[in-house]
Amino acid sequence: MEIKKVEFINFLKKATMDGKQKVEETVLDFGKEGLKMNSNSKDKLARAMAQLKTGGFDKYEELGKVGINDIPNFIKVLGRFEEVLKIKQSGNVLEVKSGNKKAEIELVSENLIKTDTGEPDLEFNDTFEITSKVLKDIFSDVQINTDAQIIIKTEPKKVIFTNTGKYKFENVIESETCKGGTEVKFGAPLIDALNNLDGTLEISVRSHYPMKVLEKTDNSAVTIIVAPMVAEEE
């Protein structure tokens, strides 16, 4: 199996999130339709479901399920190689080669990794699109404060992002698809969960309810669910 290093690493980073929500262990499921991953953050405040289709690989092989219990260092190992990675499995070892360099990575049994499968059945009131650039700019506004909450309100044809804290910002996003009437609050886990996404994002919200975010390209789809702030945390 062969894949460009940058494409593989970027996909893994999106599927395992960032910061305090970064996934430490997961199962890489190399099946008929490509690589699939279902991963929870340690505190279960965020969850990622991702697929990299066979078209995202230069050469693809169904390896089955591969257990990785140290994802951050696994990504660092991949980063030590040249442009194209050659990957194969031999028993409980995943071998990665590129140029004159090779690494052997010990795998763990998938049964030892705790994760959920499938996408939860959630219903939303409003769905809108926003670019990752605009969303990260909003996050940068919020992070001028310490431990600020992010408040998302929808009105007819618009979404309003505000925040708590000493420095209160307001960002208004036009959206023809919004009906209005939703208000939901999120904390720092939202920023950590979405920080590695790029391109255009589809966001679905409902009052006092988890958020669903979808990033979709020709060869991949990453869905992230993030828990809202609850009453006793506010």
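Since every read-out is calculated from the coordinates, none of them should be taken as a lab result. Being a predicted model, the structure only gives us computed values, none of them experimental. Glycine gets a Cβ as well: all are built from the backbone with ideal geometry, and neighbour counts include every protein chain shown.
What list of ³J(HN,Hα) couplings, whole Hz, do you get for the range 152-160 from phi and the Karplus terms 6.51, -1.76, 1.60, once you set θ to phi - 60° and write x for glycine and proline?
10, 10, 10, 10, x, 6, 7, 10, 10
So if I average 1/r over every pair of distinct C-alpha atoms in the chain and take the inverse, what Kirkwood radius in Å does that give?
It works out to 18.8 Å.
Each residue of the range 95-101 in turn: what ³J(HN,Hα) in whole Hz from Karplus with 6.51, -1.76, 1.60 and θ = phi - 60°, glycine and Pro shown as x?
Computed from phi, the couplings for the range 95-101 are 9, 10, 10, 6, x, 9, 10 Hz.
For LYS158 and LYS53, what does the FRET efficiency come to when R0 = 41 Å and r is the distance between their Cβ atoms, rounded to the nearest 0.05? It would help to have the intermediate numbers written out before the result.
On the way: r = 34 Å, r/R0 = 0.84.
According to the calculation, E is roughly 0.75.
Could you sort out which of LYS101/LYS216; LYS97/LYS136; LYS65/LYS136; LYS22/LYS185; LYS20/LYS216; LYS13/LYS185 sit more than 31 Å apart by Cα distance in this structure? Write out the running numbers ahead of the final one.
On the way: LYS101/LYS216 33 Å; LYS97/LYS136 35 Å; LYS65/LYS136 33 Å; LYS22/LYS185 21 Å; LYS20/LYS216 24 Å; LYS13/LYS185 25 Å.
Checking Cα-Cα distances, LYS101/LYS216; LYS97/LYS136; LYS65/LYS136 exceed 31 Å.
Tell me, what is the Rg over Rh of the range 114-234, with Rh the Kirkwood radius over Cα pairs?
Here Rg/Rh amounts to 0.94.
May I ask you to list the aspartates and glutamates whose Cα is less than 13 Å away from that of LYS32, ignoring any residue fewer than eight positions away on the same chain?
Qualifying aspartates and glutamates at Cα under 13 Å: GLU61, GLU62.
So, counting K/R as plus one and D/E as minus one, what does the shell of residues with Cβ under 11 Å around ASP70 add up to?
-2
What FRET efficiency comes out for GLU104 versus LYS65 if R0 is 22 angstrom and r is the Cβ-Cβ distance? Round to the nearest 0.05.
0.75
Please list, in order along the range 27-44, the HN-Hα scalar couplings obtained from phi with the Karplus expression 6.51 cos²θ - 1.76 cosθ + 1.60 (θ = phi - 60°), rounded to whole Hz, x for Gly and Pro.
Residue by residue, the range 27-44 yields 10, 8, 9, 8, x, 4, 9, x, 8, 10, 9, 10, 9, 10, 5, 4, 8, 6 Hz.
For LYS179, go through the aspartates and glutamates and keep the ones whose alpha-carbon is under 12 Å away, minus same-chain ones fewer than eight residues off.
ASP126, GLU155
Listed here are the pairs LYS153/LYS212; LYS4/LYS42; LYS44/LYS88; which of them are more than 25 Å apart at the Cα?
Check vs 25 Å cut-off fails for LYS4/LYS42; LYS44/LYS88.
What is the magnitude of the charge dipole of the range 105-234 about its Cα centre, with +1 placed on the Cβ of each Lys and Arg, -1 on the Cβ of each Asp and Glu, and no other charges, expressed in debye to the nearest 20?
420
Is any residue of the range 126-140 close enough, with backbone N under 13 Å, to a label point placed 7 angstrom from the Cα of GLU202 along the Cα-Cβ axis, and if so, which?
127-130
Could you tell me how many degrees, from 0 to 90 and to the nearest 10, lie between the Cα long axis of helix 132-142 and the main elongation axis, the longest principal axis, of the Cα atoms of the chain?
Relative to the chain, helix 132-142 is tipped by roughly 60 degrees.
Straight distance only, please: which aspartates and glutamates reach the Cα of LYS102 with their own Cα at less than 17 Å, same-chain residues fewer than 8 apart left out?
Answer for LYS102, where 17 Å is the Cα cut-off: GLU2, GLU82, GLU83, listed by chain and number.
Rounded to the nearest 0.05, what FRET efficiency is calculated for LYS216 and LYS166 with R0 set to 30 Å and r the Cβ-Cβ distance?
FRET efficiency, LYS216 to LYS166: 0.20.
How do TYR209, TYR167 rank when sorted from fewest to most other Cβ atoms within 10 Å of their own Cβ?
The fewest-first ordering by Cβ neighbours comes to TYR167, TYR209.
Place +1 on the Cβ of every Lys and Arg and -1 on the Cβ of every Asp and Glu in the chain, take the dipole about the Cα centre, and give the residue among MET17, LEU112, ASN92 whose Cα lies farthest towards its positive end.
The residue sitting most towards the positive pole is ASN92.
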